[in-house]
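Heads up, the thing below is written out as structure tokens.
The values are calculated or read from the model by the stated rules, or taken from the named source; none is laboratory data. Worth saying up front: this structure is predicted, and the values here are computed from it rather than measured. Every residue, glycine as well, gets a Cβ built from its backbone with ideal geometry; the counts of neighbours run over all protein chains shown. Note: accessible area is taken over every heavy atom of the protein model, side chains too, but ligands, DNA and RNA are not part of it. Shrake-Rupley method; radii C 1.70, N 1.55, O 1.52, S 1.80 Å.
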Amino acid sequence: METTMNEDVFNTTIRKFLKMLGVTAQREIEKAVRQAILDGRLKGNEKLPAKAVVTIGTLDFTFEINGQIDLE
């Protein structure tokens with residue numbers, strides 16, 4: 001007996017997860033950058049290297065993306 005997944009449910013939950021990740025990460029990055037500027041750790045014109053890692057332990061899956069956040 002072969003089991004199959006519901007593609008619609010699968011795709012919908014992936015999109016929900018990624019939307020939550022994106023919205024939450026943006027909010028947290030904005031707070032951290034603003035606080036660093038207030039604390040004097042950043043001037044506000046930096047280019048910040050950034051890395052995001054998504055893991056799914058059950059699958060032994062890790063995906064990493066690197067980028068840059070420009071403040072000016």
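Structure above, values below:
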quantity	calculated
Probe 1.4 Å, protein heavy atoms only - accessible area per residue of the chain in square angstrom	91 Å²
Sequence-distant residues sharing a close amide H with L42 (under 5 Å, placed H)	I37
Amide proton proximity set for L48, modelled H, under 5 Å, gap of 5+	I69, D70, L71
Reciprocal of mean inverse Cα separation for the chain (Kirkwood radius, Å)	15.1 Å
Portion, in percent, of the accessible area of the chain that falls on carbon or sulfur, probe 1.4 Å	57 percent
Given charges at beta-carbon only (K, R positive; D, E negative), |dipole| of segment 1-44 in Debye	460 debye
